[in-house]
Amino acid sequence: MKYWPAGSHEGRVEQFYSTGINGRAEPHGFNDDLLNFGLGSRDLPYVRRAKNLIHHLAKTYLDLGVDDALLDVGCGMGRQPEILVSGYMPKIYRGIDVTRKHVELCKRRFSRFSRETGHTDVEFKHASAVAIPYPEATFTKVLSIEAVEHCNTRLSFCREAYRVLRPGGVLACADFILLRDPQSAIERWLVRNGARIWCVPQANIYDYRTLRSLLESTGFIRISMEFLGAQTIPGYFWGHRKFSVMREVRKVRGFLKGVLGGFVIDYAVYWLYRRGLMEYVVYRAEKPGINLH
């Protein structure tokens, strides 16, 4: 396991996501150890919406299957990898995460999962997405769900994803992006400070047109984007305002960082979305070539 240098961006991200999981003996929290915003009606239970999002990326965007070598960037605490491996059975699965405790939980969960299912070609590494610890042209598919915005920078991640993909390989991401530039003082303040609290580098704050240009300049082709804010952001925001959820968040993360800090970040995202400034985007891009396997 790596230990990030003091003051490093990776260290700040790790500290942010480590809150509440130190000392946990077993995976499975109140949210089934899923961390994404979810996809679907706000009336659906959170865990169902979170699974919907994973399946939407895996099926619609990656067409993930048994012949694939998959890299999962920001694999979380193990539930997302479990859904991907058990549901789609890629030949090879590799997960990386900047948070050491996440990787430890993944390894613990999969030591049991591999014995039960016989799927053993699974590996987790504590690593940065801007320095992916695998050789060039290793994977047919690269997936990242709500991790790219934290990378220092998104451009560096895209270059690394392109490097480790085989010719014809596919990148699919769920991410947060601007639709326009902030106009008022309060919009600029919320974007700047919300990003700071959420460990999003200022260099990653731009609109979807810039994102498309960034992917093109990296070498990707056949780029497609889908805006899913209406099916993700309101459901996540209002779902996490329920008393039962806030009570569980307080148990896991504490009041200041969990309940209060979570509310500040969630409200900033929701307010900026309602103002037509921020969007939840899912995008797909291909590396040129025809030889996938």
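The values are calculated or read from the model by the stated rules, or taken from the named source; none is laboratory data. Quick caveat, the model's predicted, so the values are computed rather than measured. Ideal geometry is used to build each Cβ from the backbone, glycine not excepted, and the neighbour counts take in all protein chains shown.
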Within the stretch 190-219, residues part of a loop (DSSP other than H, G, I, E, B) and not aromatic (Phe, Trp, Tyr) come out as Cys199, Val200, Pro201, Ile205, Gly219
When Ser144 is run through (1) at pLDDT below 95; (2) within 23 Å of Tyr61 (Cβ to Cβ), the failure sits at (1)
So, Thr140, is that one touching a helix residue (DSSP H, G or I) at 6+ places or on another chain (Cβ under 6 Å), within 22 Å of Cys158 (Cβ to Cβ) and among the polar types (S, T, N, Q) or not? no
Ile221: passes all of (1) surrounded by fewer than 19 Cβ atoms within 10 Å (Cβ to Cβ); (2) modelled with pLDDT under 95 but (2)
Conditions (1) buried (at least 17 other Cβ atoms within 10 Å of the Cβ); (2) free of Cβ contacts under 8 Å to residues at least 60 places away in the same chain; (3) over 27 Å from Ala58 (Cβ atoms) -> Val200 fails only (3)
Going by the structure shown, is Ala174 in contact (Cβ under 8 Å) with a residue 12 or more places away in the chain, in contact with a His (Cβ under 9 Å, 6 or more places away or on another chain), among the small types (Gly, Ala, Ser) and assigned to a strand (DSSP E or B)? yes
Here the qualifying pairs (Cβ atoms under 7 Å; residues six or more apart or on different chains; first in the stretch 219-231 and under 17 Å from Ala50 (Cα atoms); second acidic (Asp, Glu) and buried (at least 18 other Cβ atoms within 10 Å of the Cβ)) come out as Phe227/Glu279; Gly229/Glu279
* To do: For the stretch 283-291, state whether one or more residues are closer than 26 Å to His56 by Cα, of a type in the set (Ser, Thr, Tyr) and at pLDDT 70 or above.
  => yes
A careful count of residues in the stretch 224-245 that are hydroxyl-bearing (Ser, Thr, Tyr) and surrounded by fewer than 18 Cβ atoms within 10 Å (Cβ to Cβ) gives 2
With the first residue restricted to the stretch 28-48 and required to be among the small types (Gly, Ala, Ser), and the second required to be in a loop (DSSP other than H, G, I, E, B) and modelled with pLDDT of 85 or more, Cβ contacts under 9 Å at 6 or more apart or on different chains are Gly29/Met77; Gly38/Leu44
A careful count of residues in the stretch 123-169 that are more than 19 Å from the chain's Cα centre (by Cα) and β-branched (Val, Ile, Thr) gives 1
